[in-house]
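Engineer: Pasting a structure here, questions to come.
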Amino acid sequence: MNAYAKRVLNLAYQFSGSYQEAEDQTQEIFLKLYGALPKFDFQRNFTAWLLTLARNHLIDEYRRTKWERTQRDDFDERTTAGPLAGNPQETLEREENRRLVWDSLNSLSADMRMAVILRDLQGRSYEEMAEVLNLPLGTVKSRVNRARLALARVVAEKRGGQP
């Protein structure tokens, strides 16, 4: 667990956007892993198997709680405005951009969202992604490309520009 906890937590955080949720999801993933260990084929790559298990759990959880999460996030943003540090204008613009990107990511399908997270936020290679997602390399590359295009279109729409 010590060897993989940070990696799983990072994936869960990038998927959920909340550190507390990521910690909870990480615990659930390791509990699920413990139950699934007897099914593991020790001739296969354990890291890829674990990350696939984590990815599937996170996608399932995301689909199950999508509506509730958006409602809670809206409430949290209205009630927990923190102090601004540094140049207020730059801080505000940076926070608006961060919120815009996360909101846009949330509007993508779970598969596209995972592609962007693995490639652009975690910096994984296409080969690693293919192993984790259990997909052919060409499919991974096209999914990343489609996800980036969809994300750009959503961001442009939310900014009021043309898609």
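Engineer: Calculate, in nm to one decimal, what ARG98 and THR47 gain on full extension: separation in residues at 0.36 nm each, minus their alpha carbon distance.
Structural biologist: 15.4 nm
Engineer: HN-Hα J couplings of region 4-13 from phi, Karplus 6.51/-1.76/1.60, θ = phi - 60°, integer Hz, Gly and Pro as x?
Structural biologist: 10, 4, 5, 5, 5, 4, 4, 4, 5, 5
Engineer: I've got another one for you. How would you order 105-118, 43-56 from highest to lowest mean count of nearby Cβ atoms within 10 Å?
Structural biologist: Going from most to least packed, we get 105-118, 43-56.
Engineer: Please give the peptides 11-18, 93-100 ranked by average Cβ packing (other Cβ atoms within 10 Å per residue), highest first, as a rough proxy for protection.
Structural biologist: 11-18, 93-100
Engineer: Hey, another quick one. Computed over the Cα atoms of region 87-163, what is the convex hull's projected area averaged over all directions, in nm²?
Structural biologist: 5.6 nm²
Here, each number is a calculation from the coordinates, and none is a lab measurement. What you see is a predicted model; the values in this text were computed from it and never measured. Ideal geometry is used to build each Cβ from the backbone, glycine not excepted, and the neighbour counts take in all protein chains shown.
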